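Visitor: Structure in structure tokens, see below.
Every number here is computed from the coordinates shown, using simple stated rules; none is lab data. What you are looking at is a predicted structure, and each value in this text was computed from that prediction instead of being measured. Backbone-built Cβ (ideal geometry, glycine too); neighbour counts: all protein chains shown.
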Amino acid sequence: VSALDWAAVRADFPLLGREVNGKPLVYFDNANTGQKPRSVIETVDGFYRRHNANVSRAVHTLGSEATEAYEGARKRLARFANVRPDELVLCSGTTFAINLVAYSWALPRLKPGDAILLTRMEHHANIVPWQLVAERTGAKIKVAEILPDGTLDLDALYAAMTPEVKLLGVTHVSNVLGTVNPVREICREARRRGIVVLVDGSQALPHRKVDIAAIGCDFYAFTGHKMCGPTGTGALWARKEHLAAMPPFIGGGEMIKEVSFDGTVFNDPPHKFEAGTPNIAGHIGLGAAVDYLDALGMDRVEARETELLAHLQEELAAIGGLRVFGTAKEKAAVVSFLVEGAHAHDLATLLDLEGVAVRSGHHCAHPLMRYYGVAATCRASLAFYNTHEEIERFAAALKKVRGLLA
Ligand code: PMP
């Protein structure tokens, strides 16, 4: 693979040129949401300026242009993740996607005595929907623990795959620790035991090449706003047989073939699950985001972020006096840390005064915080458009701030 001019890539992102508190912005909150390249912003803008109409309804020219662009985005997204477009339900993001599986797949199936298996490192979006389903069905939640280095305890996970487990929910990449889980191997073990697997891909697709078909899962949920796309976009990929068997989660227009007061014939998947006017402009923007990432090449994105992560880890080690969470070998460019004796929010507030944006808090992962015995951490999460110079500026700011808090 040929090298990219990363400075030119960075220049594609208008927001990264701004200042915060009189300092050039260092945006290290990419696990929370990513910035958007000009091509995505212009695609959304251009849709509203020239093509805006509702999809799948009107026969007029604008209506067919909008539908073509929307369905074109679905196709591009499907190609990007190596799945079939008719198995890709477009929705507002991972949270909706997981809820769709919880309400349409799990709720009608689970009963008392069944179990849902989750891991200690799940985001609340992959915990709370299952608790709601468990309450209503009488099923139990089981938890597979992690090891202190922030990797899954695979022996414990496989031992927990007992006959009452009907579904496993596991994140591909941890949003707090950066740990990349061996989802392919996990799916193989689960399938051998007849367990359906949902993989939360929120933090994977933006950072590495993901071949969903090769993973061998049943459901794969992801969000567009972390992968250069607009907010309120994302998708659920599901095996065809699941989509065919699942009742719709939300009812309304778009998702039907015929409605009478005696009953309704639903549209085919994926439309069966896309009731109402969707986020048309957003998903067309997500199509542009996927084109952008494709042009960079996900292998190059991953290599770039791995190099930035190594530099960040070096700088943090040199500072000393920090507690770093998650030291997996297979790790995305996410580092959670604390300055001994200081609160994460104070740290993040002082860093903001230096123009550095990091997230502080529980990162929607209370059970993981509890495992490490902390209420919150600071999290620096990188993207390919970050620079070595930013990492140095971040390290200098952190040193200064640590001095203030000590
Ligand atoms: N799962 C993980 C691992 C995440 O990082 C996030 C976003 N922080 C979500 C789920 C939820 O995504 P969204 O808010 O876009 O629905």
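Visitor: Please go through segment 291-338 and pick out each residue that is in contact (Cβ under 8 Å) with a residue 24 or more places away in the chain and on the phi > 0 side of the Ramachandran plot.
Guide: If the condition is that a residue be in contact (Cβ under 8 Å) with a residue 24 or more places away in the chain and on the phi > 0 side of the Ramachandran plot, then 297, 321, 326 are the ones that fit.
Visitor: Which condition number does residue 12 fail, the rest of (1) in contact (Cβ under 8 Å) with a residue 60 or more places away in the chain; (2) over 17 Å from residue 270 (Cβ atoms); (3) surrounded by fewer than 16 Cβ atoms within 10 Å (Cβ to Cβ) being met?
Guide: Only one criterion in (1) in contact (Cβ under 8 Å) with a residue 60 or more places away in the chain; (2) over 17 Å from residue 270 (Cβ atoms); (3) surrounded by fewer than 16 Cβ atoms within 10 Å (Cβ to Cβ) is unmet by residue 12, namely (3).
Visitor: Restricting to segment 107-142, name every residue that is surrounded by fewer than 17 Cβ atoms within 10 Å (Cβ to Cβ) and either within 16 Å of the ligand (Cβ to nearest atom) or acidic (Asp, Glu) (or both).
Guide: The answer is 124, 128, 131, 132, 135.
Visitor: Does segment 161-175 hold any residues that are more than 11 Å from the ligand (Cβ to nearest atom) and touching a residue at least 40 places away in the same chain (Cβ under 8 Å), and which are they?
Guide: Filtering segment 161-175 down to residues more than 11 Å from the ligand (Cβ to nearest atom) leaves 161-168.
Listed by number, the residues that qualify are 161, 162, 164, 165, 166, 167, 168.
Visitor: Within segment 82-97, take every residue that is in a loop (DSSP other than H, G, I, E, B) and within 16 Å of residue 233 (Cα to Cα) and give me the one that is farthest from the ligand (Cβ to nearest atom). Explain how you work it out, then say what you get.
Guide: The initial filter retains those residues of segment 82-97 that are in a loop (DSSP other than H, G, I, E, B), namely 82-84, 92-93.
Now drop any that are not within 16 Å of residue 233 (Cα to Cα), which leaves 92-93.
Values: 92: 7, 93: 3 Å.
The extreme case among them is 92.
Visitor: Test residue 287 against the criterion of being within 23 Å of residue 27 (Cβ to Cβ) and crowded, with 22+ Cβ neighbours inside 10 Å, and give yes or no. Walk me through it before giving the result.
Guide: Numbers: within 23 Å of residue 27 (Cβ to Cβ): no; crowded, with 22+ Cβ neighbours inside 10 Å: yes.
It is false that residue 287 is within 23 Å of residue 27 (Cβ to Cβ) and crowded, with 22+ Cβ neighbours inside 10 Å.
Visitor: Additional query: Tell me, which helices (runs of 4 or more DSSP H) lie completely within segment 291-406 with 2 or more residues that are farther than 25 Å from residue 21 by Cβ and of a type in the set (A, V, I, L, M)? Reasoning before the result, please.
Guide: Numbers: elements: 298-319, 344-353, 366-372, 388-405.
Per the criteria, 298-319, 366-372.
Visitor: Among the listed residues 120, 50, 38, 136, which satisfies the condition of being touching a Phe, Trp or Tyr at 6+ places or on another chain (Cβ under 9 Å) and without any contact (Cβ under 8 Å) to a residue 40 or more places away in the chain?
Guide: Working: 120 fails: without any contact (Cβ under 8 Å) to a residue 40 or more places away in the chain; 50 fails: touching a Phe, Trp or Tyr at 6+ places or on another chain (Cβ under 9 Å); 136 fails: touching a Phe, Trp or Tyr at 6+ places or on another chain (Cβ under 9 Å).
Being touching a Phe, Trp or Tyr at 6+ places or on another chain (Cβ under 9 Å) and without any contact (Cβ under 8 Å) to a residue 40 or more places away in the chain holds for just one of 120, 50, 38, 136, which is 38.
Visitor: From (1) more than 16 Å from residue 66 (Cα to Cα); (2) away from the ligand (no atom under 16 Å from the Cβ), pick out the condition that doesn't hold for residue 35.
Guide: (2)
Visitor: Cβ-Cβ below 6 Å, separation at least six or inter-chain, first residue in segment 83-108 and touching a residue at least 24 places away in the same chain (Cβ under 8 Å) and farther than 19 Å from residue 215 by Cβ, second within 14 Å of the ligand (Cβ to nearest atom) and among the hydroxyl-bearing types (Ser, Thr, Tyr): which pairs?
Guide: 93/223
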